[in-house]
Amino acid sequence: MNYILYDGSVRNALLPFTFTRPVADIRVGILTIREKWEKYLGSTTTTLTEEYLSAKFPMVEMEENVMINAAFLPNPILAEMVANLEPGQAVSRQGEIIAFYSQDTQEEIDFDQYEFLEFGDECITIEHTWDIFAKNDAALREDFDLLTRDRKSMPIPKSVNVIAPENIFIEEGAKLEFVTLNASSGPIYIGRETEIMEGSLIRGPFALCEGAQVKLGTKVYGATTVGPQCRIGGEVSNSVLFGYSNKGHDGFLGNSVLGEWCNIGADSNNSNLKNNYEGVKLWSYETGGFEKTGLQFCGLMMGDHSKCGINTMFNTGTVVGVSANIFGSGFPRNFVPSFSWGGASGFTTYITKKAFETARIAMSRRHVEFDEKEAAILEHVFEETKKWRKE
């Protein structure tokens, strides 16, 4: 069967992360949403997303297709229902469509003609940016079970101080000595070719994805995911780094999400709790204003290719767009538009020529090419986000 993951109605609510990727390529837990579906279904997937993203994330349509709403994370029961769909059938939950069978002969989808199969169990959904860290605990536990079932971990080195070793899984090529791993509060997954340097203290749930690194003496509270090729240091709590991003020095990152190719300067900190303990509001691209999250703890949402200089301070509930460059003393405002250059004293436009030069250098350090597809996506984001910048 040909499976296609589509963005659905939540795409705009997940900006700035979906400026540069489909909903399916958001990382939550250990895996991206796409990787989860592919493992459960035993099949590759393609994507129905925004036109400007389609060159990098193409859709392959065949005679018979199953369309899957990427906001829904799979579990064994849901995946089985989706895999067993037949023509004219759809899976739904509480009135929202999760997946449906389509044929290329259908000029349009008339759901009045469909048989709806109700999915009555619980499943994780990603509908807001803050869901990525707020639901990371549950997603990480599900991914840990999926990835480690019927497999044997590499041995835990003798120098490691460990609590609840039965909840720890180490892949081949991982390096860790003289660290403390406490998996009593949740599983710890240590991926291939990773490194945890001496003196680090890690409390689960925690995932260190392939090629990632934990610097000397780092303190990590769950539920935290460090995506592929990321670097972390200092203190990190309940945060998700998608991939290829660095928070490699002292400073605090909490209840936060970093996209790809971000860099947090040394001794930078974010607040994750307001001084008056009120609920946190976040900028919403969907409504064009600040919306209630329903959370007391909420930190920094930073889109791809954004960076901040040393000693940067982020207020509670700060949203930074794509390819912003932040520096200087004081708190920048809690919504920084894409391609902004500056800080608390004010911003100018970060022109694409300079932004692309930086992206090209940063990506080459991880042996990844900044190609025409990447440039075209960022050019589109630059134009689309002009309305929020003060030119």
* Which FRET efficiency, nearest 0.05, do Glu96 and Phe178 yield, Cβ-Cβ r, R0 45 Å? -> 0.40
* To do: Would you calculate the separation in nanometres between label points at Gln113 and Glu86, each defined as 7 Å from the Cα along the Cα-to-beta-carbon direction?
  => 1.7
* Structure fact -> In whole percent, the fraction of accessible protein surface over the chain that belongs to carbon or sulfur atoms, probe radius 1.4 Å, stands at 48
* To do: Over all alpha-carbon pairs of the chain, lay out the pair-distance distribution in 10 Å bins, whole %, shortest bin first.
  => 5, 23, 31, 26, 12, 2, 0
* What is the set of long-range amide H partners of Ser237 at a cut-off below 5 Å, with H atoms built 1.01 Å from backbone N? -> Tyr221, Leu253, Gly254, Asn255
* To do: Take the eigenvalues of the Cα gyration tensor for segment 158-267, scale each by 5, and report the square roots as semi-axes in whole Å, largest first.
  => 20, 14, 13
* Which far-off residues, 5 or more places away or on another chain, put their amide H under 5 Å from the one on Ile98, with H placed in the peptide plane? -> Val91, Ser92, Arg93
* Antiparallel as a % of all DSSP beta bridges within the chain, to the nearest 5? -> 25
* Structure fact -> Neighbours of Glu172 by Cβ distance under 14 Å: Lys/Arg at +1, Asp/Glu at -1, summed charge 0
* Asked: What relative contact order, as a whole-number percentage, does segment 108-247 give when Cα pairs under 8 Å and 6 or more residues apart are counted?
  -> 16
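For segment 250-344, state which chymotrypsin sites (Phe, Trp or Tyr not before Pro) are in a DSSP loop and have at most 14 other beta carbons lying within 10 Å of their beta carbon. If you can, show how the numbers build up before the last one.
Values: sites: Phe252, Trp261, Tyr277, Trp283, Tyr285, Phe290, Phe297, Phe314, Phe327, Phe335, Phe339, Trp341; in loops: Trp261, Tyr277, Tyr285, Phe327, Phe339.
Passing sites in segment 250-344 are Tyr277.
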* Asked: Once you list every other residue whose beta carbon is under 13 Å from the beta carbon of Arg203, what net charge do they have if Lys and Arg are +1 and Asp and Glu are -1?
  -> -1
* **Relative contact order (percent, whole number), the chain, Cα cutoff 8 Å, 6+ residue spacing** => 10
* At Glu384 and Asp121, where each label point lies 7 Å from the Cα along Cα→Cβ, what is the point-to-point distance in nanometres? -> 3.4
* State the extension gain, in nm to one decimal, for the chain segment bounded by Arg192 and Gln103, taking 0.36 nm per residue of separation less the distance between their alpha-carbons. => 28.1 nm
* **Rg to Rh quotient for segment 290-340, alpha carbon positions, Kirkwood Rh** => 0.97
* Asked: Roughly how many nanometres apart are two label points built 7 Å out from the Cα toward the Cβ at Glu357 and Ala344?
  -> 2.9
* Structure fact -> With every protein chain kept in place and a 1.4 Å probe, segment 267-391 has an accessible area per residue in Å² of 50
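The values are calculated or read from the model by the stated rules, or taken from the named source; none is laboratory data. Note that the structure is a prediction, hence the values are computed from the model and not measured. Because the Cβ atoms are built from the backbone with ideal geometry, glycine has one as well, and the counts that use them run over all protein chains shown. Calculation scope for accessible area: heavy atoms of the full protein, side chains included, ligands and nucleic acids excluded. Shrake-Rupley method; radii C 1.70, N 1.55, O 1.52, S 1.80 Å.
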